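Working notes for the structure below.
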Amino acid sequence: FTSDITFTGFEPGSTLESVAQLASICVSMEHSFMGDLDIILSCPNGQQVSMVDFAGAGSGGATFIGDALDTEEVPPVPGTCLDYCWTPNATNGTFSASAAFGATPNVQPSTVDPVGGDVLIPGNYTSEQPLTQLVGCPLNGTWSFIVIDNQGIDDGFICSWGVTFAPELYPDLTV
């Protein structure tokens, strides 16, 4: 799954000069099995950063992202999307470290799935790869949020996502 956002309002030629200029990358989503996902952000010139890595998230197998409804209905029925961000100064570790069987679990019980399960608590997390990999990215252009579900037995939904830059990067409004 790929979703794009195109920015056009920054000064021509503007680039992300430091990770401090990146406030957050956020998603509101639900997925019934964290252990099979890759989540990647790609900027307009093709630079990428891995926020969740299938190889690292394997320890998250028993953990839902959002309060997922894992009933495999046709058509699929979403559970409850919860809000997660990756920030330069995150208060939580990676998704894999924060999973139920991770080094520093940060989970709560599911309230919507009849079978139950652990849900990753919403909040700010650390990306698998350093966000500094986005330094040098053009601000204007198409930014892509990419989710790869490496096993088809479960499902998930993206309710929304976005990239927020430091306020000083936005041009002044003219009234």
Study note, to complete from the structure: Counting only residues 5 or more apart in sequence or on a different chain, those whose built amide H sits under 5 Å from that of Ala68 are His31, Thr80
Study note, to complete from the structure: Kirkwood Rh for the range 8-57 from C-alpha pairs, in Å, is 13.4
Review point. Stretched out fully, how many nm does the piece from Thr104 to Thr91 gain, at 0.36 nm a residue minus the Cα gap?
Key: 3.5 nm
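Expressed as a whole percentage, what fraction of the accessible surface of the chain belongs to carbon and sulfur atoms when a 1.4 Å probe is rolled over the protein heavy atoms?
Values: 4560 of 8130 Å².
It is 56 percent, rounded to a whole number.
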Study note, to complete from the structure: For Ser127, other-chain or 5+-apart residues with amide H closer than 5 Å (H placed, Pro excluded) are Thr87
**Study point:** In nm, spacing of pseudo-spin labels at Ser144 and Asn124 (7 Å Cα→C-beta vector)
**Key:** 2.9
Check your understanding: How much area per residue is accessible in the range 26-175 when the probe is 1.4 Å and only protein heavy atoms are counted (Å²)?
Key -> 44
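The values are calculated or read from the model by the stated rules, or taken from the named source; none is laboratory data. Remember, predicted model here, so these are calculated numbers, not experimental data. Cβ coordinates were reconstructed from backbone atoms using ideal geometry, including for glycine residues, and neighbour counts include every protein chain displayed. We work out accessible area using only protein heavy atoms, side chains counted, and drop any ligands, DNA or RNA first. Shrake-Rupley method; radii C 1.70, N 1.55, O 1.52, S 1.80 Å.
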